[in-house]
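What follows draws every value from the coordinates through simple rules; no lab data is involved. Keep in mind it's a predicted model, so treat the numbers as computed, not measured. Heads up, the Cβs are rebuilt from the backbone with ideal geometry, glycines too, and the neighbour counts pull from every protein chain shown.
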Amino acid sequence: MNFKNAENRSQVYETWRRLKKSRTAVIGLILIFILVTVAIIAPLLYDYNNDIIKQNIKERMQKPSLAHPFGTDEFGRDILGRIIYGARISLIIGVTSCLLCGSIGIILGVVAAYYGGMIENVIMRFSDILMAIPSILLAIVIVAAFGVNLFNIIIAVGVATIPQYIRITRASVLTVINQEYIEAAHSIGAKTPRILFRHILTNCFAPIMVQATLRIATVIAEAASLSFLGLGVPAPTPEWGAMLAGGRAYMREYPHLVLFPGLAIAFTILSLNLIGDGLRDALDPKLKK
Amino acid sequence: MLLPVLIGVSFIVFFIVNLAPGDPARIIAGVETDEETVERIREDLGFNKTVVERYGIYMWKALQGDLGTSYYSNKTVIEAFMERIPNTLLLGFWSVVFGLIISMPVGIISAIKQYSIFDNLGMVLALTGISIPSFWLGILAILLFSLKLQLLPSGGNEFWYSVILPSITNGTQMMALMTRMTRSSMLEVIRQDYIMTARAKGLDEKTVVLKHALRNALIPVVTTAGNFLIMMIGSAVVTETIFSWPGVGRLIVESISKRDLNMVVGCVILITFIISIINLVIDLIYVLIDPKIRSSYGIMKG
């Protein structure tokens with residue numbers, strides 16, 4: 001019998017078991033599930049070229065109706081369809097930015113804690129510097145300097161993730177690094193990378209997961225603010241922040257132009273926050289029964 | 001710690017802005033200017049030197065209190081910044097006041113009456129507050145209070161009450177986070193033995209909560225106040241743009257669209273400087289309210 005697999009399974013299983021008990025987490029998971037499903041099947045619901053980016057002046061500024069449940073925008077495009085396609089952009093930005101910059105942060109954090117000394121000092125000062133600049137300001141500067149495209153936006157909103165992960169990972173590695181089982185692993189001749197990734201990093205699972213859900217929410221909000229300031233994914237790509245900015249000029253007569261895109265952002269962030277809260281409770285050792 | 005961080009910040013921001021593709025001299029001159037003029041601008045502004053040289057010169061001047069001049073007006077970066085920063089700080093101050101006025105009582109009452117209707121309602125509102133992006137909140141606020149009800153101005157800072165909508169917009173997220181934090185740290189404190197002792201001594205509930213519990217419960221809240229501040233000044237960039245509030249955030253956004261690089265780099269460095277100073281003050285307040293730290297300092301001195 002393989003003990004390691006049994007251990008791994010039980011940690012994930014245990015988390016899932018407790019997560020299921022939290023009502024908020026389940027609601028959050030259902031909402032996110034709906035959002036992801038809709039984002040995936042978007043091409044089945046709307047044709048990108050005809051419904052989403054083609055301007056149709058005859059139908060501009062329609063109030064919500066059966067044909068257009070959320071109405072149409074200033075170019076006559078269906079707002080519901082654009083919101084659904086916008087979900088794809090937001091989710092892609094949120095997830096890839098956290099995966100990419102989160103991994104960098106985790107690696108730097110592990111290295112800092114494991115090697116200590118000068119290396120740790122340099123990495124920690126680097127993270128202090130990144131934390132000192134307000135993240136949206138850093139994102140604005142990066143996008144403004146390197147140009148507006150999807151990849152630059154992903155990096156720009158993700159940079160602030162790096163120091164956070166450095167800190168979290170370093171702190172949780174430091175709590176386990178002196179324990180006897182690590183010494184035991186050393187003594188049976190396990191190599192450093194193996195010890196780092198199999199024995200140390202698996203114990204940092206909880207804080208990393210909680211942080212990930214909350215970071216994705218923040219990153220999505222920040223990417224939307226960038227678009228709102230005109231530094232987001234270029235038009236005519238449907239993006240929630242840009243839709244809000246575009247509808248602003250007409251909002252006195254047509255409030256639906258700013259109402260629905262904003263609701264979509266709030267809905268996404270709310271569901272991620274619900275999951276994050278539930279996950280935090282489920283993974284909190286203090287609440288373990 | 002202050003100076004190394006500032007030098008690091010200037011290094012990162014300077015290089016991001018200066019390594020960007022595109023010829024800054026050409027952008028300043030415009031597309032139709034002839035090559036000679038562009039060359040002159042390039043020399044005037046020092047773009048013909050390498051980035052490292054330029055950074056050296058920049059930092060040497062910066063240490064003497066000279067962050068350069070705007071490419072477009074004759075104002076120095078420091079002048080332009082000083083003109084705008086009072087407005088940003090004013091906005092930040094009222095956002096904090098708004099956040100505290102709501103979050104403190106709601107957090108405390110929610111903790112004391114855990115799982116009551118008030119608690120549940122308060123927590124739902126807090127979660128909503130965290131989830132609503134500030135720029136949307138700002139737009140909704142303008143829509144309701146300025147366009148429909150016509151109670152408050154939708155932008156500018158001509159009247160004393162112009163600050164109301166921007167600071168509510170800017171402060172809501174912090175208010176929601178603070179409420180949750182006050183509640184959870186209050187819940188932890190209230191279960192401790194010394195609170196029971198205080199009750200057993202026959203103190204009335206008000207003294208127990210406000211004097212014994214709150215002081216300890218506030219410690220983690222104050223510790224994170226620095227993070228809130230950074231968040232707040234960051235979100236001020238967006239808030240100031242929505243409400244045409246003449247602060248530093250809007251200055252940065254305007255300068256970026258004009259590619260006024262000196263202004264952008266200088267303002268980001270100065271804003272980080274201000275944040276660091278305020279963080280220092282918060283650390284001092286922390287020492288004042290936490291007896292554990294105060295006594296450990298006392299021991300060190302003795």
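Laid out as a table, the results:
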quantity	calculated
Size of charge dipole - the range A:79-277 - debye, nearest 20, with Cβ of Lys, Arg +1 and Asp, Glu -1, no other charges	220
Centroid-to-centroid separation of the range A:147-171 and the range B:102-138 [C-alpha atoms, Å]	29
The range A:188-202 - phi-based ³J(HN,Hα) in whole Hz, Karplus 6.51/-1.76/1.60, Gly and Pro as x	8, x, 5, 7, 4, x, 5, 4, 4, 8, 8, 9, 8, 5, 4
Which of B:D290, A:D73 has the fewest Cβ neighbours within 10 Å, and the rest in rising order	B:D290, A:D73
Using alpha-carbon coordinates, inclination of helix B:164-190 to the longest axis of chain B, degrees	40
Within-15-Å neighbourhood charge of A:I155 [Cβ basis; K, R +1; D, E -1]	0
Helix runs (DSSP H) in chain A reaching 20 Å along axis by Cα, Kyte-Doolittle at least -1.0	A:23-40, A:79-115, A:117-132, A:161-176, A:205-228, A:256-283
Of the trypsin sites (Lys or Arg not before Pro) in the range A:156-249, those whose Cβ has at most 14 other Cβ within 10 Å and which sit in DSSP loop	A:K191
Total formal charge among the other residues, if their Cβ is under 12 angstrom from that of A:I166, Lys/Arg +1 and Asp/Glu -1	+1
Lysine pairs in chain B with Cα atoms under 20 Å, if 8 or more residues apart or on separate chains	8
Paired Rg and Dmax values of the range A:189-289, which use every Cα atom, in angstrom	20.0, 72
Globularity index of chain B, i.e. its alpha-carbon radius of gyration over 2.2 N^0.38 Å	1.26
Helix axis angle, B:291-301 relative to chain B longest principal axis, alpha carbon, degrees	70
Principal semi-axes in Å for chain A [√(5λ), Cα gyration tensor, largest first]	42, 23, 14
Semi-axes of the equivalent ellipsoid for the protein assembly as shown, Cα gyration tensor, largest first, Å	38, 32, 29
Residues whose placed amide H lies under 5 Å from that of B:T69, excluding near-sequence neighbours	B:V77
Leading residue at positive end of dipole, the range A:79-277 (Cβ point charges), from A:L274, A:S172, A:Y85	A:Y85
About the Cα centre, charge dipole magnitude for the range B:159-270 (Lys/Arg +1, Asp/Glu -1 at Cβ), debye	280
Under 17 Å, Cα to Cα: Lys pairs in chain A, sequence gap 8 or more or different chains	5
